[in-house]
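Notes follow the structure.
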Amino acid sequence: MMKILITAGPTREPIDPVRYIGNRSSGRMGAALAEAGLAAGHAVTLIVGPVSVAMPAEAVRINVETAAQMHEAVMREFPSHALLIMAAAVADYRPKSISRGKISRHGALTIECEPTQDIIAAAGRIKRPDQRTVGFSLEGGGTLDRAREKLLAKNLDLIVYNSIATMESESIEPTLLWRDGRTASLPAGLKTQFAESLIRHAVALVPG
């Protein structure tokens, strides 16, 4: 049995008490990975943003809302897990300041933003030799170059390239890229089916 840490869903970065910046992620991929990990006999911890799909009750669940909260939870939990799969769609930017009251509608609105924490890169910096990290690269174009750059820059062991079309969808047509240069383009299929395959590939990376 292996301890697997999985992040799922979007984050919400508040603008005011009722508005936020976020991504259109349902959390379906993270839920499928958790189900697959549990079915394979592993212990799964889920760090979950505001999702719109059900998560497996058997997993240990940690609810978060913002990127900062997800970053704190991953940094706290990762040291006790052998594998991290970062399936969450974390918002890349957050407002630099949050209005205490609801912003009234009157003309144009300019929101100054700052980058959120790069959570998977932070995990890669504290990763021990016996731990592995897996990330996702959601891209609009058809090139794998950006995914390869992320793989190396964030010290990942495996990255999943997939197109924007898979967001909120039940299906995925992924390409896997390993740190040793191997790639594998998989046929389109349900995320539940892909999750079983990814769990096998990711677990196989962990020594021992």
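For this structure, a couple of remarks:
- Check on M75, in contact (Cβ under 8 Å) with a residue 24 or more places away in the chain, within 24 Å of R125 (Cβ to Cβ), in a helix (DSSP H, G or I) and touching a Gly at 6+ places or on another chain (Cβ under 7 Å): no
- Scanning segment 99-126 for residues that are in contact (Cβ under 8 Å) with a residue 40 or more places away in the chain, out of contact with any Asp or Glu (no Cβ under 6 Å at 6 or more places or on another chain) and not β-branched (V, I, T) returns R100, G101, C113, Q117, A122, A123.
- Failed condition for S25, given (1) surrounded by 19 or more Cβ atoms within 10 Å (Cβ to Cβ); (2) part of a loop (DSSP other than H, G, I, E, B); (3) modelled with pLDDT of 95 or more; (4) under 14 Å from the mean Cα position of the chain (by Cα): (3)
- Residue match in segment 106-119 (condition: part of a helix (DSSP H, G or I), modelled with pLDDT of 95 or more, under 29 Å from R94 (Cβ atoms) and not basic (K, R)): yes
- So T66, is it closer than 19 Å to A34 by Cβ, under 14 Å from the mean Cα position of the chain (by Cα) and of a type in the set (S, T, N, Q): no
- If you go through segment 120-148 and keep only what is of a type in the set (S, T, Y), in a strand (DSSP E or B) and at pLDDT below 95, you end up with just S137.
The values are calculated or read from the model by the stated rules, or taken from the named source; none is laboratory data. Computed from a predicted model, the values in this text were never measured in an experiment. All Cβ positions, glycine included, derive from the backbone under ideal geometry; neighbour counts span all protein chains shown.
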